[in-house]
1. Pick from GLN181, GLN110, GLN194 the residue whose mean-square fluctuation is largest in a GNM of the chain, springs joining Cα atoms under 10 Å.
2. For the range 121-136 and the range 87-118, compute the distance between their C-alpha centroids and round to whole Å.
3. Mind listing P(r) for the chain? All alpha-carbon pairs, 10 Å bins, whole percents.
4. Given H placed on each backbone N at 1.01 Å, which residues far from GLY142 in sequence or on other chains put an amide H within less than 5 Å of it?
5. Got a sec? Charge dipole of the chain, +1 on Cβ for Lys and Arg, -1 for Asp and Glu; which of MET25, VAL56, ALA102 is way out at the positive end?
Amino acid sequence: MIAKVLSFQAMGESRSQPAAAADRMDPTAFEAVIEDLLRLEEVWAAMVGFAQARGVPRLGYHHLPPPGAPDAGLLRVENDGFGEALLAQYLRARQAGVAVLAVSAQKSVQPVYLDELELRPELSERERMHLAGYRAAGVVNGLAFSVYGPNARNGLFAVELSRDMPRLPPEDLAALRWGGQAMHLRYCNLLVPQLGAPPSLSVREAEVLAWVARGKSNASIAEILGISAHTVDAHLRRIYLKLGVVDRISAALRGLGFGLIRLDA
């Protein structure tokens with residue numbers, strides 16, 4: 001079952017009409033502009049205009065909350081021009097585990113071009129069929145790249161290029177990635193407060209949960225923190241209650257998803 005799509009703009013042939021679509025705005029200026037925007041749809045429209053000014057006819061953005069986040073089970077997609085059928089194909093492929101362009105971009109620090117991906121010998125037949133579906137839908141040139149946010153709240157951009165542009169010029173690709181990263185961070189800054197205040201853990205509870213997330217047993221946590229295993233168990237019961245979970249793994253994921261703990265601290 002496909003998760004609910006919380007945001008889907010420009011379905012079919014309808015297109016966003018950002019005010020500054022014709023301006024090749026410098027990424028630094030673009031970042032400053034979107035910092036003054038207060039609505040998610042305004043931030044997205046600005047990103048569409050920024051991309052269109054660099055020859056991008058169709059653009060998509062998939063917001064990827066981390067496991068355990070309050071919106072982890074919901075799907076948030078912004079789309080300009082790709083159309084309902086193509087979006088549905090992408091969502092089905094993600095559900096089936098064959099959305100190879102998206103997954104490859106999520107695993108790479110570099111953009112992934114569609115034609116380069118098609119040449120990889122390790123692709124499965126189902127993955128190749130998924131990519132062929134993009135071609136059948138009229139996608140000739142395209143790429144995907146990842147963006148990164150707080151507490152593993154990341155995102156993914158899908159970019160179509162014109163038929164006569166198999167590659168973005170390096171300066172335009174760099175600008176698009178910079179703009180996409182800035183847009184994603186602004187999107188996160190506006191979205192996360194809308195999800196409600198996170199549960200509140202005491203300092204000791206956060207310490208216990210952080211060690212749970214690192215795979216430590218109650219006995220090991222007790223030794224590390226200089227408290228009894230019984231006290232660790234009591235802390236965990238309160239943590240479960242506050243986070244609305246019943247097991248260690250769910251508690252760890254919820255703590256990470258809410259940003260209550262960090263594994264690199």
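1. GLN194
2. First find each Cα centre; the distance between them is then 10 Å.
3. Going from the shortest bin to the longest, the percentages are 6, 27, 29, 20, 12, 5, 1.
4. For GLY142, the qualifying residues are LEU114, ASP115, LEU161.
5. ALA102
Each reported figure results from applying straightforward, stated rules to the coordinates on display, with no laboratory input. Remember, it's a predicted structure, so these values are computed and weren't measured experimentally. Cβ: placed from backbone, ideal geometry, glycine included. Neighbour counts: every protein chain shown.
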